[in-house]
Amino acid sequence: MYEFTYHRASGLRQATNLLGKHEEAKLIAGGQSLLPMMKFRLASPSDLVDLNKIEGLNGIELTSRALVIGALARHAEVHVSPEVQQGIPALAALAGLIGDPAVRHRGTLGGSLANNDPTADYPAAALALGATIVTTKRKIPADEFFAGLFETVLEADEIITKVSFPLPKKAAYQKFRNPASRYAIVGVFVAKRPSEVRVAVTGAGASGAFRVPEFEAALQKRFSPKALDGLSVPAEGLASDIHASAEYRAHLVGVMARRAVAAANG
Amino acid sequence: MSVTGIGAPVRRKEDFRFITGAGRYTADIGLPGQVHLHFLRSTHAHARITRIQAGHASRMPGVLAILTGADIAADKLGPLVCGWMIHSTDGSPMKMAPHPTLPIDTVRYVGEPVVAVIAERPDQARDAAEAVVIDYEELPAVVDPATAQRDGAPQIHEIAPRNAIFHWQLGDAAAVDAAFKQAASVTSLDIVNNRLVPNAIEPRAAIAEYDPGTESYTLWNTSQNPHVARLVLSAFVGVAPEHRLRVVAPDVGGGFGSKIFIYAEEVVTLVAARRVHRPVRWIADRSEAFVADAHGRDHVTKAEMALDRDGKILGLRVKTIANLGAYMSTFSSSIPTYLYATLLSGQYAIPAIHCAVDAVYTNTVPVDAYRGAGRPEATYVVERLMEVSARRLGIDPAELRRRNFITSFPHQTPVIMSYDCGNYAASLDKALALADYAGFGARKRESEARGKLRGIGLSAYIEACGIAPSQAVGSLGAGVGLWESAEVRVNPTGSVEVLTGSHSHGQGHETTFAQLVSGRLGIPIESISIVHGDTDKVQFGMGTYGSRSGAVGMSAIVKALDKVEAKAKKVAAHLLEAAETDIVFENGKFTVAGTDKSATFGEVALNAYLAHKFVGADLEPGLKEGAFYDPVNFTFPAGCHVCEVEIDPETGRVTVARFTAVDDFGVVINPMIVEGQVHGGIAQGIGQALMEQVVYDEGGQLVTGSYNDYVMPRAADFPLLAVDTTVTPCPGNPLGIKGCGEAGAIAAPAAVMNAVTDALGTEDVPMPANQLTVWTVLQRAARQQAAE
């Protein structure tokens, strides 16, 4: 780790100002991605702006139409929250699959979305559920939020405050893990929404999470695993490494999607 | 069996301090004025060093010294050596290339330490290391052992054309050829035994202190054998004479072989301590451990087994290429030779065996002993061949093994070893019963009903442990004898310290060795301390590896206890005013035979020191005895492991559904500790079969350099393991012990892969059979089926 200056922000305005003042500053919430990168000396922010003491960023609220989760909500909180378990049980289950207990007790929803790791779980949920990411500046639909590997449309001094997940009729997430890192090799989130069906895939894409329109159209007609028979995603554009070739990932997208639909149907 | 004697499941005495954080590992030792050493390591697999610029770095804050290969050479230290001489078939000695502590002009693997930076703080050392500029001129690299042998492959050392270290063979080639001519069938297999990272939970560490007044050094080090480290550092590397070099291996968190060897980092840390006149610390981080610790396995083998019409084995022919990495590590040459080929007879009466081994250099981390060391590779060859032969011949795999079992002892194999005892049918029968072998068909149908594939596999392994009889290993090229020493010190108050040359880094010696003493002297286990790991306390010792501490280390303690008892009887005779020959020692009590006159062990211990009560000329005061024990033979633990796997054909994911191990370790000192050793070994064996694998890219970069890519087994990857034992006491040592430390890692890979290949219906499945591998195999089969 290199030296850096630590700031504990007491409010969003102060945090925003600090980001504006220090070009190489980074926000820190749970730090479960950033700190390891800093320890390996692969990230070297000049300043860390700590969001943890800012009030009002970690609530979880269930309304009749949506589940609204504060950006600082820990994965472990989301996992055990009665509101999440009632509103979108698939999301509660997903949170319980992230990392290990230490990661889940520190890592946050906002941090995960802002980091946009191509193998992270939350981006698939945000895309499939049609979430809205609320920031200090605006409201961003999930479809417009992610912008490639570890990239989002967030501006340098923009901070996620909460995420609104519209309640689906049915949803499920199936994660096929990398045996070493335990990140998703392929994770598929399927949501049957009042107006549409969405299928979002994490882990597989060479440039981050993506939706599968062919699967969505087929499931729109018939929300059953059988509806996906004969359908597949092309291997082209998928990630390839020692744990999974692009072809294997493409195959797994189909398998996990069918399993997710089956799980959503209970 | 007393409550704390041999055979009792005594709770480990050392665990309280370990699990409460009160252990004292090398990194826990803090010395006044200590400074920190950081290694700058090669980023190239093979390159010439054209220039090292450290001027700017040396002026950075806190920097005390920057050492390069030239500095070490100026001190006339080194090189690092391999201590086991192997001769090629043509009689020429192995091509041991110079292994400088730090390279002078060429780097030969990614991670090789090149420059050492010593600074006041760890971060200052790291900062300065980043400011050191090394100019490299890249050279072509080779990582694959078969490729390394070919014409035109990059040559890594001048001394070794085509990277050949030795061409060695064992056995009778003509007899094997004759056997194959008579064969009714021949089973052939191409086998790759995958390279592994040892991954001890505590990364290596060294702290060196130099005393200029006495010109002596102390080295605290994560070592499995501190005396051997001192001997090599003194006699071969030339750091200091033995009497001016103290090596302390305090609590050590696992080794699996990787902490046997004498590495560059320890030497440099010692040199640095003398040069800066401050205690110097080097504590490896986890990433460093992936390249700083010797790797294990890495064989490419072609194996053939000849059988007659009845399934009796006629002969075995094995050709292996062993990848030893970029330099020869301390014991590397012995692993793919005398710890491998000598075990190729397995549990079977095989009339003719021939094994040829080519050892090669590659641009990879050096390879040396890793849990099992040669014996897992041998077991994998033999037990895969047995299973495949059984399937080809349509004979039940258990039955084929039974037909070939050695049943009378001693048994001389065609590959040096003379098995002293065993009962292979007993462990097979018990394992089959415990595994419910007969019920497999029903379980397979149940899996199939759920759309899953299921397979079962056996592994009837043997290992040579209790390493090792000095005569035998000396005649085969070992540079040191492999005896063990012990000293038993009885204090005036009756408590006992046992100084042992064995070293515990997870084995539980503080408990098991104390059990031996408690049972023998009839004193509470709390009154016994086991002292190990310090060359200033223990006179000498060969350390712990090769499942030797029970069979060899405890035998030395038995010899010392014999002497203590003999001396104590003399004291008791004085005390009880009887003839020495009339004194009987039983249950911690000295009694005059045929009388009720007696004295406790404690009373006799005290009187041994009350010299004013007897005449010193007749009886020397004190009660302390030492002994050296040299084993007469290896020991031969053996057993049978049964693995059942379930495979999800949609994803290729393999789940170990059931795992059964029945082992014959001879007499068991502590069944709970033995069970733990078996569990750990099986976890590493299953890890090798299904998960673990070192991957280099073609340019020699280590792809699996962290836990992001190197798959470490975790508890959730295993079912509950069914573990049991059979016992044939070892006739070769006083306690009847064979050893248990490596069995799981030796037996498990073959059992798992036999189960996986059974489930998949094809033999062509490489280790590790991870989900991608299995899916690829299934895809291949589906394509073949479609084509037909």
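Values computed for the structure shown
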read-out	value
Net lengthening on full extension, B:Ala174/B:Thr595 (0.36 nm per residue, minus Cα-Cα)	144.6 nm
Listed residues B:Asn587, B:Gly477, B:Phe513: farthest to the positive end of the dipole of chain B (Cβ charges)	B:Asn587
Average beta-carbon neighbours from other chains, 10 Å sphere, peptide A:163-176	0
Region A:5-50 - charge dipole about Cα centre, Lys and Arg +1 at Cβ, Asp and Glu -1, debye rounded to 20	80
Efficiency of FRET from Cβ geometry, B:Lys319 and A:Val80, R₀ 60 Å, rounded to 0.05	0.55
Exposure proxy ranking, count of Cβ atoms within 10 Å, fewest first, for A:Asp121, B:Asp436, A:Asp47, B:Asp135	B:Asp135, B:Asp436, A:Asp47, A:Asp121
Segment B:Asp15-B:Thr407, length gained on full extension (0.36 nm per residue, minus Cα span)	137.0 nm
Residue-wise HN-Hα coupling along region B:146-151, computed from phi with Karplus coefficients 6.51, -1.76, 1.60 (Hz; x: Gly, Pro)	5, 5, 4, 7, 6, 4
Inter-probe distance in nm under a simple model that places probes 7 Å from Cα toward Cβ, at B:Ser188 and B:Val727	4.8
Ellipticity estimate at 222 nm from DSSP helix runs (n ≥ 4, -39,500 (n - 2.57)) divided over chain A, nearest 500	-9000 deg cm²/dmol
Cβ charges +1 (Lys, Arg) and -1 (Asp, Glu), total dipole of the protein assembly as shown, debye	2140
DSSP bridge pairs, the protein assembly as shown: antiparallel proportion in percent, nearest 5	80
Within region B:90-121: backbone nitrogen closer than 16 Å to the B:Thr50 label point (7 Å, Cα to C-beta)	B:105-107
Signed unit charges on C-beta, dipole axis of the protein assembly as shown, positive-most listed residue B:Ala128, B:Val107, B:Leu499	B:Ala128
Label-to-label distance, nm, for residues given as A:Tyr2 and B:Asp28 (7 Å Cα→Cβ offset)	3.6
Residue-averaged [θ]222 nm for chain B, counting only DSSP H segments that reach four residues, each worth -39500 (n - 2.57)	-8500 deg cm²/dmol
Rel. contact order, % - alpha carbon contacts under 8 angstrom, at least six apart, region B:582-694	12
Separation between Cα centres of region B:576-621 and region A:158-184, rounded to whole Å	77
Neighbourhood charge, 13 Å Cβ-Cβ cut-off, centred on A:Asp50 and excluding it, Lys, Arg +1 and Asp, Glu -1	+3
Candidates per trypsin sites (Lys or Arg not before Pro) in region A:192-266, loop by DSSP, up to 12 other Cβ within 10 Å	A:Arg222
Of B:Thr704, B:Ala743, B:Tyr338, farthest towards positive along the dipole that unit charges on Lys, Arg, Asp, Glu beta carbons give the protein assembly as shown	B:Thr704
Amide hydrogen neighbours beyond the local backbone of B:Val723, cut-off 5 Å, H modeled	B:Ala661
Spin-label proximity, B:Glu158 to region B:79-112 - amide N less than 14 Å from point 7 Å beyond Cα toward beta carbon	B:97-100, B:104-106
When each of B:Lys319/B:Lys444; B:Lys13/B:Lys259; B:Lys13/B:Lys613; B:Lys259/B:Lys589; B:Lys312/B:Lys430 is checked by Cα-Cα distance, pairs over 30 Å	B:Lys319/B:Lys444; B:Lys13/B:Lys613; B:Lys259/B:Lys589
Set of lysines near A:Lys26 by C-alpha distance (under 25 Å), chain-local residues within fewer than 8 positions excluded	A:Lys39, A:Lys53, A:Lys137, A:Lys139, A:Lys162
Other protein chain Cβ atoms within 10 Å, averaged over every residue that makes up B:692-705	1
Phi to ³J(HN,Hα) by Karplus 6.51 cos²θ - 1.76 cosθ + 1.60 over region A:42-56, Hz, x for Gly, Pro	8, 10, 9, x, 6, 9, 10, 9, 7, 8, 5, 8, 7, 6, x
Relative contact order computed over region A:170-264 (Cα-Cα under 8 Å; 6+ residues apart), in percent	31
Test item: Cα-centred dipole of chain B, Lys/Arg +1 and Asp/Glu -1 on Cβ, debye	280
Karplus-derived HN-Hα couplings along region A:261-266 (A = 6.51, B = -1.76, C = 1.60, θ = phi - 60°), whole Hz, x at Gly and Pro	4, 4, 5, 5, 6, x
Length-normalised contact order of region A:185-241 in % [C-alpha pairs under 8 Å, at least 6 apart]	29
Local electrostatic count at B:Glu763 - Lys and Arg +1, Asp and Glu -1, tallied over other residues with Cβ under 11 Å	-1
For B:Thr635, distant residues with modelled amide H under 5 Å away	B:Cys465, B:Gly466
Likely footprinting exposure, B:Phe180, B:Phe16, fewest C-beta neighbours within 10 Å first	B:Phe16, B:Phe180
Within straight-line cross-link reach of A:Lys175, aspartates and glutamates at Cα separation under 16 Å, skipping those fewer than 8 residues along the same chain	A:Asp100, A:Asp117, A:Asp121, B:Asp648, B:Glu650
Förster radius 35 Å - calculated FRET efficiency between A:Arg65 and B:Ser287 (Cβ-Cβ, nearest 0.05)	0.15
For B:Leu314, residues with placed amide H under 5 Å, excluding near neighbours	B:Ala306, B:Leu307, B:Asp308
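No lab work stands behind these numbers, since they all come straight from the coordinates. These figures come from a predicted structure and were not determined experimentally. Note: ideal-geometry Cβ built from the backbone for every residue, glycine included; neighbour counts use all protein chains shown.
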